[in-house]
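One structure below.
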Amino acid sequence: TGGLRVALEFLAEHIPAKVYIPNPTWSNHLQIIERSGLRYVEYPYYDPKTRGLNFQGFKRALENANPGSIILLHACAHNPTGVDPTQEQWREIVNVFKERRLIPFFDSAYQGFATGDLDRDAYPIRLFLAEGLQMVVAQSLAKNFGLYGERTGALHIVCRTKEIRDKVLSQVRLIIRAMYSNPPIHGARVVDRILNNPEYFGEWKTELKAVSERIIRMRNLLKDELVALGTPGTWDHIVNQIGMFSYTCLLYTSDAADDLLCVDLGGRRIIKKKKILIWWI
C-alpha cells in the first residue's frame with residue numbers, strides 16, 4: 001500500500017496521466033489512486049462466461065489507450081479473481097506496451113503464493129525488464145514473509161538511464177519525507193537477514209512452497225467435492241485460477257431451505273450469502 005501511494009503521488013506530480021485498472025481489482029486501488037489526485041478507468045479483465053481472463057478485451061483496451069497512459073497490472077495471483085495471463089499472453093501484452101508507449105505499473109503482493117516458485121511468479125516483471133521498458137513495481141512482503149503488521153515491502157522504479165534514475169530518486173525522497181519520513185525498520189531487517197543468508201533463504205522458500213501447495217490442494221478438494229455432490233456446471237475454473245483468491249460462481253437460491261452455503265476447506269468453514277468469494281491463507 002505504501003509503495004503504491006508513493007509511486008502514484010510521484011506520477012500525479014510528474015506524469016498526470018489516466019490510470020487503467022483491471023475490472024475487477026483490489027478495492028483499495030481505487031481509493032489510493034483517487035487520493036493521489038489521479039483519475040482511473042477500468043479495462044476488461046475477468047470474463048464471467050468463461051470464468052477466466054477476457055484476454056481480447058484486455059488487449060484491445062491497451063491498444064486503444066493513449067501513449068503515456070499508466071496501466072496497473074497484477075504481477076501474479078490476481079486479487080480478487082485468481083485469474084492470471086499465461087506466459088504467452090504476457091508476451092503479447094508486453095508488445096502492445098512497447099507499440100503504444102504505455103507505462104507499466106506492477107502490483108506484486110503474492111510472489112511465491114501463486115505457484116510456489118519465486119522465479120515463475122516474477123515472470124511478467126522480468127519479461128518487461130528484459131524488453132527494456134521503464135516501469136514501476138510496488139512490492140509487498142507482508143504475505144510471503146508473514147510480516148503483515150510490519151509494513152515491509154519495496155518500491156522499484158526502472159529508469160532508462162542513470163541520469164533519469166537520479167532525478168526520479170530525488171523526487172521520490174521528497175514525497176517520502178513529507179508523507180512518513182522514515183519507514184518501520186524491524187520487518188525490513190528480518191527480510192534482509194533471510195534473503196542474504198543461504199540457509200535461511202532455502203528454509204523460507206521451502207515453507208513458502210508448502211503454503212502454496214496447500215492452497216492448490218484446497219482448490220482440488222473443493223472441486224472434487226462439488227463434482228462428487230453432482231453440483232450443476234463445470235468447476236475446472238477453481239483449479240485453473242491461482243493464488244489466495246477464487247471467483248467460485250457458487251450461488252444460492254432464495255427458495256432453498258437454507259439460504260447459507262457452507263464450504264469446508266480442510267477444517268476452515270466459510271459461510272457466505274449469494275455469490276461466494278472464497279479465499280485462503
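Miscellaneous remarks
- Accessible area per residue was computed with a 1.4 Å probe on protein heavy atoms; H186 scores about 110 Å².
- Simple Cβ-charge dipole of the chain, Lys/Arg +1 and Asp/Glu -1, about Cα centre, in debye nearest 20: 600 debye
- Expressed to the nearest 5 percent, the antiparallel share of DSSP beta bridges inside region 1-126 is 15 percent.
- Full-stretch length increase - M179, Q87 - with 0.36 nm per residue and alpha-carbon distance subtracted: 29.4 nm
- Antiparallel bridges, percent of DSSP beta bridges restricted to the chain (to nearest 5): 50 percent
- Look at the Cα gyration tensor of region 1-83: its axes a ≥ b ≥ c give a/c of at least 1.5 with a/b at or below b/c, and that counts as oblate.
- Helical content alone sets the calculated 222 nm signal of the chain at -13500 deg cm²/dmol, taking -39,500 (n - 2.57) per DSSP H segment of four or more residues and averaging over every residue.
- Per residue, the accessible area of region 96-196 comes to 57 Å² when a 1.4 Å probe rolls over the protein heavy atoms.
- The stretch between A210 and R120, if pulled fully straight at 0.36 nm per residue, gains 30.8 nm over its current Cα-Cα span.
- Y247 accessible area, 1.4 Å probe, all protein chains in place, Å² to nearest 10: 60 Å²
- Kirkwood-based Rg to Rh ratio, region 93-143, C-alpha trace: 1.00
- Where Rh is the Kirkwood radius over Cα pairs, Rg/Rh for region 42-189: 0.98
- Carbon plus sulfur fraction of accessible area for the chain, probe 1.4 Å, in percent: 50 percent
- Simple point charges give the picture: +1 on the Cβ of Lys and Arg, -1 on the Cβ of Asp and Glu, and for region 57-111 a dipole about the Cα centre of about 200 debye.
The values are calculated or read from the model by the stated rules, or taken from the named source; none is laboratory data. Predicted model, so just to flag it, every value in this text is computed and none were measured. Note that each Cβ is placed from the backbone with ideal geometry, even for glycine, and that neighbours are counted across all protein chains shown. Each accessible area value is taken on the protein alone, full model and side chains, heavy atoms only, with ligands, DNA and RNA left out. Shrake-Rupley method; radii C 1.70, N 1.55, O 1.52, S 1.80 Å.
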